[in-house]
Amino acid sequence: MVLGKLYFVNLKEGEQPIMTALSLFGNRCGSESFNHKPYAAEGIRSVFELDEWIEFYPKANAESGIKVMVFKHQEDQGIYLKNSLNDKTPGYIQELDLSKDPEGDETSLWGSFYLHPEEVEPGYYDFVFIYKNKVFATMLTHFFKPNEIYEKSDSELEKLMSQSL
C-alpha cells in the first residue's frame, strides 16, 4: 500500500464514491502550504505525530453521514469488507463522524481528532471511510512519536510520505 492514497472499494461499475477527494491538515508538522494541499485521491498528507490534531476536509457528494474509523494497519484490507466494523473489531483505535458545517462553504472543516501517545504506539494506521454502514475507501497513514518529525522540512516530510508498505 502507498501512504496517502484513497483506495476505493465496494463500488459497482460506473459508480462514483460518495467522497472523491480529501485534504488533511495537521497542526504540528510542515508549513502552511504542506498542510493546505489541494483535494486529491493520492498524495494526501499521511504522516503525523501521535499528539497532532488532524483536520478532515473531504470533497463529497453528501454533507453528513460519512464516518472515518482508525485501525492499526491490517495487511489484509479485506477485513474491513468482510466484517461489521465497530469498537470490538481487532485493531480498532477510534472513530469520527464527519459532517459539513451547514453554514460553511466547500472548504469548511468536517471534523478533527488526534491519536493520544499514551494510548497508542507509533506506527502505521488505516483510515477506513464508511457511508451508510458500507466501507467505500481506505487510506494508509504513518504516525510518529511526539516531536519525532516536528522539525522536518516539507521535502523531508514528502520523502516520508513517498514510502510504501
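Nothing charged except the Cβ atoms of Lys and Arg (+1) and of Asp and Glu (-1): what's the magnitude of the dipole of the chain about its Cα centre? Round to the nearest 20 debye.
On the way: 16 positive and 27 negative charges, 120 e Å.
So the dipole magnitude of the chain works out to roughly 580 debye.
Rounded to the nearest 10 Å², what accessible area does ILE79 show when all protein chains are kept and the probe is 1.4 Å?
30 Å²
Of all the accessible heavy-atom surface of the chain, with the other protein chains kept in place and a 1.4 Å probe, what percent is carbon and sulfur? Each step should come with its number before you reach the end.
Values: 3930 of 8630 Å².
The value for the chain is 45 percent carbon and sulfur by accessible area.
Could you order peptides 71-77, 120-126, 56-62 by the average number of other Cβ atoms within 10 Å of their residues, highest first?
Put in order of decreasing packing, that is 56-62, 120-126, 71-77.
Over the range 1-132, give the accessible area per residue in Å² for a 1.4 Å probe, as an integer. It would help to have the intermediate numbers written out before the result.
Working: 6750 Å² over 132 residues.
Value returned for the range 1-132: 51 Å² of accessible area per residue.
Sticking to Cα atoms, compute the Rg of the chain to one decimal and its Dmax as the biggest Cα-Cα distance, whole number, in Å.
15.0, 44
Cα-based count: Lys pairs in the chain below 16 Å, eight or more positions apart or different chains?
Lysine pairs meeting the criterion: 16.
The values are calculated or read from the model by the stated rules, or taken from the named source; none is laboratory data. Only a predicted model underlies this, so the values are computations on that prediction, with no experimental measurement involved. Using ideal geometry, Cβ is built from the backbone for each residue, glycine included, and neighbour counts are taken over all protein chains shown. Ligands, DNA and RNA are excluded from the accessible area calculation, which covers all protein heavy atoms including side chains. Shrake-Rupley method; radii C 1.70, N 1.55, O 1.52, S 1.80 Å.
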